[in-house]
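> My structure is below; once you've seen it, I'll send some questions.
No value in this document is a laboratory result; all are computed from the given coordinates. Quick caveat, the model's predicted, so the values are computed rather than measured. Neighbour counts are summed over all protein chains in view; Cβ atoms, including those assigned to glycine, are modelled from backbone coordinates with ideal geometry.
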Amino acid sequence: MQYTAPLRDMQFVMHELLDSQSHYAKMAEYRELDTETINSYLEAAADFAQSVLSPLNRTGDLEGCRFDDGQVSTPTGFKEAYEQYCELGFASLNAEPEYGGLGLPTSMSSAVSEIMGTANWSFAMYPGLSHGAIQTIEHHGTDEQKATYLEKMNTGLWSGTMCLTEAHAGSDLGIIKTRAVPNDDGSYSITGQKIFISAGEHDLTENIIHIVLARLPDAPAGTRGISLFIVPKFIVNADGSLGERNGVVCGSIEHKMGIKASATCVMNFDGATGYLIGPKNRGLNCMFTFMNVARIGTAIQGLAASEFAFQGSLKYAKDRTAMRAISGVKEPNKPADSIIHHPAVRNMLLTQKAFSEGGRALVYYLSQFADIVAKGDGVEAKFADEMLSLLTPIAKAFLTETGYEAANMGVQVYGGHGFISEWGMEQNVRDTRIACLYEGTTEIQSLDLLARKVLGSQGKMLANFTKIIHKFCQEHKDDDRMGQMISTLAKLNKQWGDLTARIGMQGTQNLDAVGAAAVDYLFFSGYVTLGYLWARMAVVAYARLDEMNQSLDTDKSLHGEYGFYDAKVKTAQFYFAKLMPRHAVHVARINASHETLMAMDIEQFAF
């Protein structure tokens, strides 16, 4: 399938819904960033993604990566595409200008990442991991480390990875075994094995900078005893040139369900030279810089899956004819009606559209808080950090789950053809399935949201957001057109707090009640969060329609824009009518006793 960047909707979210100009005006570094500049970057990204990356999506899936004695070759065309990606400046979008970056905000790079990722998620994985490595060094590295690594990483000449997972320790990082022994020169000798390392080895860059979690010999047990290290593929000489090969080698690449053009590596560290970054035994705290960036990136993958599925499904549903519409013939010049006239198909298309456009609003909304955390100060930055902490697990888990649902609907709309690889829908399902797993599974994100962020803050983080929703509902409660949306949103916003209090009380008696409720709580949170954003989009769209109604009859050029805003309102109405009611199932499951989960003895699961 040929991808087309949804620039009009991206611009709507950035400029009209989230008022990018006012947002950037609050921060000195971004004050000069205007709408025209933003749009020019989006258009350049769209041109590159559509003409270069999209055609490589299926060929990369078919060819995959090749492994030969520790060396990894990316699919045909990837190396040339990466060089062009770097030449166009996309590798350095939001990196600091001091080290060769363009200094643009996260909210800008997130939009570009959406374009690249939807066109070709496997390709986007290579530079995507570098961004987190760069930010980790920016935030926690010494001046010498920044001078050594950042400029070449920012230009894309070198890339970066995050090396956390070990075979016996997935998300439970407290039990990792990789060791770091001090050397006489102040460096460390790193020994151990890491698995599932995206872009751990490839042929796109001349050096790969691994960010590695390991334990010092005298480290305390658990997560309090983990340190963070920079381990380059090639040692960097004092003059910045590349020296000898370090003791880190790719042992194999994984044979995967999807994202086959992205190298997922087993990395063996055999006395590799590493350099401590950040304080000893505080590596996990430093790594959170990396992990939050990665989780926002994974949320974008969920958005990308919904958008890709929607674009493919819409085109097919308009072209494919099958039977007559049950309400009467729609296309008498054809032997059958296009399937877009069938209510069941419409339901799938609108679900994909609602998740895609709602997910875009959530990612961009989240990214604006990331901008403020990076460049704001005082009370505003603290508030933004708390909002980012609350919304990141919702965005990561909810958007990847709904993205996977939308991808499956893509196959369903195509029918039997969806099961055939040429159409691209089955690849989308395979590619996006990993998004619900890596950077913390849905279940882990759910527990993080409920136990750590909401209950752990005594409800403060949640209250920050529910107050925003309450204020919005109060401002628009008298708008007759918004009446049903606002009343529903206000009711669920209050219920969010009530559910939280009930789960908290149950948790004081038995913490299993918290674990049992967590996933359903996250889904409830996701539906309300997207509901808030869809209601906001409807308010903006109604205002634009009111403006155009005054001159629509005399200015025919407005018809296309009128249709855009009218569709936005109708999609919001669909979301509240058909998708928001799903919350009730999650409430019922939360209210059901957790004891049914824990009552059975382990031996009783199978006989």
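> Report, please, the projected area of the range 219-329 averaged over directions, based on the convex hull of its C-alpha atoms, in nm².
Hull-based average projected area comes out at 13.4 nm².
> With N denoting the number of residues in the chain, provide Rg(C-alpha) divided by 2.2 N^0.38 Å, to two decimal places.
Working: Rg = 24.7 Å, N = 607, 2.2 N^0.38 = 25.1 Å.
So the chain has a normalised radius of gyration of 0.98.
> Can you give the percent of C-alpha pairs in the range 307-421 whose distance is more than 25 Å?
Here the long-distance tail beyond 25 Å is 42 percent of all Cα pairs in the range 307-421.
> Specify whether the C-alpha gyration tensor of the range 55-187 places it in the rounded, prolate or oblate class, a ≥ b ≥ c being the square roots of the eigenvalues: rounded for a/c under 1.5, otherwise prolate if a/b is larger than b/c and oblate if not.
Here the range 55-187 falls in the oblate category.
> Does anyone have the angle between helix 343-375 and the longest principal axis of the chain? Alpha-carbon axes, 0 to 90°, nearest 10?
50
> Rounded, prolate or oblate: which fits the range 538-589 when a ≥ b ≥ c are the square roots of the eigenvalues of the alpha-carbon gyration tensor, with rounded for a/c under 1.5 and prolate only if a/b beats b/c?
On the way: a/c = 6.16, a/b = 3.83, b/c = 1.61.
It is prolate, given that a/c is not under 1.5 and a/b is the larger ratio.
> Tell me which residues come under 5 Å, amide H to amide H, from G160 once H is placed; ignore anything under 5 positions away on its chain.
Result for G160 returns S130, I209.
> Which ³J(HN,Hα) values in Hz, rounded to whole numbers, follow from the phi angles of the range 490-506 under the Karplus curve 6.51 cos²θ - 1.76 cosθ + 1.60, where θ = phi - 60° and Gly and Pro get x?
5, 5, 6, 4, 5, 5, 4, x, 5, 4, 4, 4, 5, 5, x, 5, 5
> Mean separation of Cα pairs under 8 Å and 6+ residues apart, divided by the residue count of the chain: what relative contact order is that in percent?
Worked out over the chain, it gives 12 percent.
> Students often get this wrong, so check it: of K152/K177; K26/K570; K382/K453; K146/K396, which have C-alpha atoms separated by over 25 Å?
K152/K177; K26/K570; K146/K396
> Over all Cα pairs of the range 382-483, how is the pair count split among 5 Å bins, expressed in % and running from 0 up to the last occupied bin?
P(r) for the range 382-483, in whole percents per bin: 2, 12, 15, 13, 12, 13, 12, 10, 7, 3, 0.
> Scattering from the C-alpha atoms of the range 460-598 alone, worked out with Debye: what is log10 I(q)/I(0) at q = 0.18, 0.19 1/Å?
Results for the range 460-598 at q = 0.18, 0.19 Å⁻¹ read -0.98, -1.05.
> For the ranges 353-359, 206-212, 337-343, what's the packing order if you count other beta-carbon atoms within 10 Å of each residue, average per peptide, and put the highest first? Walk me through the numbers on the way to the answer.
Values: 353-359: 27.0, 206-212: 23.4, 337-343: 18.7.
Ranking the peptides 353-359, 206-212, 337-343 by packing returns 353-359, 206-212, 337-343.
> Using θ = phi - 60° and the Karplus form 6.51 cos²θ - 1.76 cosθ + 1.60, what ³J(HN,Hα) does each residue of the range 463-477 get, whole Hz, x for Gly and Pro?
3J(HN,Hα) across the range 463-477, in whole Hz: 4, 3, 7, 5, 5, 4, 5, 4, 4, 4, 5, 5, 5, 10, 5.
> A follow-up question, please. Compute the distance from the alpha-carbon center of the range 196-228 to that of the range 245-289, in whole Å.
Cα centroid to Cα centroid, the span is 5 Å.
> Helix-derived [θ] at 222 nm for the chain: sum -39500 (n - 2.57) over DSSP H runs of at least 4, divide by residue count, nearest 500?
So the calculated ellipticity at 222 nm is -18000 deg cm²/dmol.
> On to the next question. Can you give the alpha-carbon Rg of the range 12-130 over 2.2 N^0.38 Å, where N counts its residues?
Working: Rg = 16.2 Å, N = 119, 2.2 N^0.38 = 13.5 Å.
Relative to the rule-of-thumb radius for its length, the range 12-130 sits at 1.20.
> Let me ask another. Enter the Cα centre distance for the pair the range 560-606 and the range 137-181, rounded to the nearest angstrom.
That distance is 38 Å.
> Using the per-residue mean of other Cβ atoms lying within 10 Å as a proxy for protection, in what order, highest first, do the peptides 177-185, 72-80 fall? Walk me through the numbers on the way to the answer.
Details: 177-185: 14.6, 72-80: 18.3.
Result, highest mean first: 72-80, 177-185.
> Note the angle between two axes, namely the Cα long axis of helix 559-574 and the longest principal axis of the Cα atoms of the chain, as a number of degrees from 0 to 90, rounded to the nearest 10.
Compared with the principal axis, the helix lies near 80 degrees.
> Rank these for me by crowding, H255, H23, going from fewest to most other beta carbons within 10 Å.
Numbers: H255 9, H23 17.
Going from sparsest to densest Cβ surroundings: H255, H23.
> So, one more: Of the peptides 136-145, 119-128, how do they stack up when ordered by the mean number of other Cβ atoms within 10 Å, highest first?
Most protected by this proxy first, the peptides run 119-128, 136-145.
> Rounded, prolate or oblate: which fits the range 213-270 when a ≥ b ≥ c are the square roots of the eigenvalues of the alpha-carbon gyration tensor, with rounded for a/c under 1.5 and prolate only if a/b beats b/c?
Here the range 213-270 falls in the oblate category.
> Same structure again: So how tilted is helix 512-549 from the main axis of the chain? Cα-based, degrees 0 to 90, rounded to 10.
The two axes meet at around 50 degrees.
> On average, how much area does the Cα convex hull of the range 129-277 cover when viewed from any direction, in nm²?
Answer in nm², one decimal: 8.8.
> Then there is this: Output ³J(HN,Hα) for the range 42-53: one whole-Hz value per residue in order, computed from phi by the Karplus curve 6.51 cos²θ - 1.76 cosθ + 1.60 with θ = phi - 60°, and x for Gly and Pro.
4, 5, 5, 5, 5, 4, 5, 5, 6, 8, 10, 6
> While we're on this one: Which percent of the Cα-Cα distances in the range 121-195 go past 20 Å? Don't skip to the end; give the middle numbers.
Details: 1355 of 2775 pairs.
Pairs farther apart than 20 Å: 49 percent.
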